[in-house]
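**Q** Next up is a structure, given as structure tokens.
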Amino acid sequence: MTVVFVGSNASVFVSRTQAELVRRGLQVSILDPYVLIESSVDGNNIFNKLSRAIARYRNVRRLISQYPHDSVAMVHFLGFDCVWLIPLLKTRFRRVVGIAYGSDILRRRRVLDPFLGYGLKQLDAVVATNFNVLDELELSFPILADRSLGILRFGLPVLDELRKLDGVTSLQSKARLGFDPTRRLASLGYAASPGQRQLEQINFFVSRLAEFDDLDFVVPIQYGSKQTMDEVSAHCSRVNSQIGAERFLPLTEFHSPDRAALMRLATDVLINHSVTDAFSGTVMEVVYAGNLVLAGSHLPYDRMPGFGTAILPYQGLEDVASALHKNHFFEHLRTAKNSVTENRAALCATSTWDAVLPDWIRVLGVKGST
């Protein structure tokens, strides 16, 4: 039986999950509804938007015709396009499952809920990446409550790579990646999204650089909004030029799991200033590596492994600055490292592929091997 992931090829959740499930014996392919680019319909006026939507509809209808009728489709984004996409998928596939990400549900434009709801009610089943997302989904779209299959977590291959690096220190990781091992390294967010508020963080730390003369900042923008990538990269260049040093380092290279594992070891602290979040993979990986996460107190992390030890909540960026001062920081980091054994055990139980594969097989209704 074939499983079809409906989502962007550029998404790490789509591409890496497809590759891992194939490696474990499942037949999984990717159908990207946005792979068709028509230069003749560029532009953002109503006519061009409608033309692009029609082109996408025709393209998806053509693409789904190649799959057997007993195939299962999993939709990896729940947005406005579900109003036409899910009904179209239902004409071909035996079963259509939706997976709700925090970015789709917690940051959605609620004015479009009637359109999203029309598509969602066509689903055979729905899962969410965590309970916060699931609660919001069922509250806003009650019709889904009897179709919920609960939580479906992704396995994180970076955790497996981190296990292979036992004995490698943070200093050694920094040196391998080209960072100065004598300096602390902070990560401002983990993706190129306006909701990550990376520009706000950069501006804050620029105004306080004298307090953090041993601290450099990486700004991960490997994936996400192209506009945000360009804005953040340009701002880092301007700021570095103004201060006469390379203190803000935009991270543009997409990392393989083994290189990402080195990056998590090298990152002394991840500052998660996101507007909303659903406990990202990067956060889990930093905790697993034994390093520190400073997370906005509005983020739903209180039930997550490492909360209170490796994950410290803050009210505002002034609190972040206080936590980063040397007289506080190394005590916080020591607590994170001392709790790494306990935190790793909890994360292994929920976030490795060995742990989550049975749930994927159950949700997709297929047989697989490990």
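**Q** How much length is gained if the chain between Leu209 and Asp180 is pulled fully straight, taking 0.36 nm per residue apart and subtracting their Cα-Cα distance, in nm to one decimal?
**A** That pair, Leu209 and Asp180, stretches by 8.7 nm at full extension.
**Q** Given springs between every Cα pair under 10 Å in a Gaussian network model of the chain, which of Ser193, Ser237, Ser170 has the largest fluctuation?
**A** Answer for the Gaussian network model of the chain: Ser237.
**Q** I'd like to know which of Leu324, Asn272, Tyr223 lies farthest towards the positive end of the charge dipole of the chain, counting +1 on Cβ of Lys and Arg and -1 on Cβ of Asp and Glu.
**A** Tyr223
**Q** Taking a spot 7 Å from the Cα of Ala55 along the direction of its beta carbon, which residues of segment 9-36 have an amide N less than 18 Å from it?
**A** Counting backbone N atoms under 18 Å from the label point, the list is 9, 32-36.
**Q** HN-Hα J couplings of segment 290-303 from phi, Karplus 6.51/-1.76/1.60, θ = phi - 60°, integer Hz, Gly and Pro as x?
**A** Here the 3J(HN,Hα) series is x, 9, 9, 10, 9, 10, x, 5, 7, 7, x, 9, 5, 9 Hz.
**Q** A further question follows. May I ask you to derive the FRET efficiency for Ala355 and Thr169 from their Cβ-Cβ distance with R0 = 25 Å, giving the value to the nearest 0.05?
**A** My answer for the efficiency is 0.35.
**Q** When a/c is below 1.5 the answer is rounded, else prolate if a/b is larger than b/c, else oblate, so apply that to segment 157-350 with a ≥ b ≥ c taken from the square roots of the Cα gyration tensor eigenvalues.
**A** rounded
**Q** Tell me which residues come under 5 Å, amide H to amide H, from Val6 once H is placed; ignore anything under 5 positions away on its chain.
**A** Placed amide hydrogens put Leu31, Met74, Val75, His76 under 5 Å from Val6.
**Q** Further, regarding this structure: Which whole-Hz ³J(HN,Hα) couplings does segment 224-240 yield from phi under the Karplus relation 6.51 cos²θ - 1.76 cosθ + 1.60, θ = phi - 60°, glycine and proline marked x?
**A** For segment 224-240, the Karplus curve yields x, 6, 4, 4, 5, 3, 5, 5, 5, 4, 5, 5, 4, 4, 5, 5, 4 Hz.
**Q** Specify whether the C-alpha gyration tensor of the chain places it in the rounded, prolate or oblate class, a ≥ b ≥ c being the square roots of the eigenvalues: rounded for a/c under 1.5, otherwise prolate if a/b is larger than b/c and oblate if not.
**A** Cα axes put the chain in the prolate bin.
**Q** Just name one of Thr341, Pro300, His235: the one whose Cα is farthest towards the positive end of the charge dipole of segment 157-350 (beta-carbon charges, Lys/Arg +1, Asp/Glu -1).
**A** Ranked along the dipole, the leading option is Thr341.
**Q** Dipole magnitude of segment 157-350 about its Cα centre, charges +1 at Lys/Arg Cβ and -1 at Asp/Glu Cβ only, in debye to the nearest 20?
**A** Computed charge dipole of segment 157-350: roughly 260 debye.
**Q** Apply the Karplus parameterisation 6.51 cos²θ - 1.76 cosθ + 1.60, with θ equal to phi minus 60°, to every residue of segment 255-264 and state each ³J(HN,Hα) to the nearest whole Hz, in sequence, with x for glycine and proline.
**A** Per residue, the Karplus-derived 3J(HN,Hα) values read 8, 6, x, 5, 6, 4, 4, 4, 5, 5 Hz.
**Q** Suppose the chain between Leu139 and Arg107 were pulled fully straight at 0.36 nm per residue; how much longer would it get relative to their current alpha carbon spacing?
**A** Separation in residues times 0.36 nm, less the Cα-Cα distance, equals 10.0 nm.
**Q** Can you give the angle from 0 to 90° between the axis of helix 12-23 and the longest principal axis of the chain, with both taken from C-alpha atoms, to the nearest 10?
**A** Once rounded, the angle reads 70 degrees.
**Q** Further, regarding this structure: Where a Cα-Cα gap under 16 Å defines reach, which aspartates and glutamates qualify for Lys226, not counting those fewer than 8 residues away within the same chain?
**A** Answer for Lys226, where 16 Å is the Cα cut-off: Glu253, listed by chain and number.
**Q** If contacts are Cα pairs under 8 angstrom and at least 6 residues apart, what is the relative contact order of segment 157-350 in percent?
**A** With pairs under 8 Å counted, the relative contact order is 22 percent.
**Q** Taking the chain as the reference, fit the longest principal axis to its C-alpha atoms, fit the long axis of helix 353-364 to the helix C-alpha atoms, and give the angle between the two in degrees, 0 to 90, nearest 10.
**A** Approximately 20 degrees, to the nearest 10.
**Q** Right, another one. Quick one: check the C-alpha center-to-center distance for segment 127-162 versus segment 186-243, whole angstrom.
**A** Segment 127-162 and segment 186-243 have Cα centres spaced 30 Å from each other.
**Q** For the residues Cys348, Cys82, what sequence is obtained by ranking on other C-beta atoms within 10 Å, fewest first?
**A** Cys348, Cys82
**Q** Per residue, how big is the convex hull of segment 251-370 when only Cα atoms are used? Give it in Å³.
**A** It comes to 134 Å³ per residue, whole-number rounded.
**Q** As a check on your grasp of the helix formula, calculate [θ] at 222 nm for the chain: sum -39500 (n - 2.57) over DSSP H runs of n ≥ 4, divide by the residue count, round to the nearest 500.
**A** It comes out at -13500 deg cm²/dmol, rounded to the nearest 500.
**Q** Amide H to amide H, which residues 5 or more places from Gln27 or on other chains are under 5 Å from it, using H placed in the peptide plane?
**A** Residues meeting the amide H criterion: Val3.
**Q** In addition: Report, by chain and number, residues whose modeled amide H sits under 5 Å from the one on Leu270, excluding near sequence neighbours (fewer than 5 apart, same chain).
**A** Placed amide hydrogens put Ser187, Leu292, Val293, Leu294 under 5 Å from Leu270.
**Q** Given Cα pairs under 8 Å that are at least 6 residues apart, what percent is the relative contact order of the chain?
**A** 15 percent
**Q** Then there's this: What is the angle, in °, between the Cα long axis of helix 46-64 and the longest principal axis of the Cα atoms in the chain? Nearest 10 is fine, range 0 to 90.
**A** The two axes meet at around 70 degrees.
**Q** Now for a different question. Tell me which chymotrypsin sites (Phe, Trp or Tyr not before Pro) from segment 109-159 have a DSSP coil assignment and no more than 15 other beta carbons within 10 Å of their own.
**A** Nothing satisfies the criteria.
**Q** By per-residue mean of other Cβ atoms within 10 Å, what is the highest-first order of 62-69, 83-90, 25-32, 280-287?
**A** Peptide ranking by packing, descending: 280-287, 83-90, 25-32, 62-69.
**Q** Give me the net charge for the shell around Leu317: Cβ to Cβ below 15 angstrom, other residues only, Lys and Arg +1, Asp and Glu -1.
**A** With Lys, Arg at +1 and Asp, Glu at -1, the neighbours total -2.
Computed from the coordinates by the stated procedures, all read-outs in this text should not be read as laboratory data. Small disclaimer: the values here were computed from a predicted structure and weren't measured. Reconstructed Cβ throughout: ideal geometry from the backbone, glycine too, with neighbour counts over all protein chains shown.
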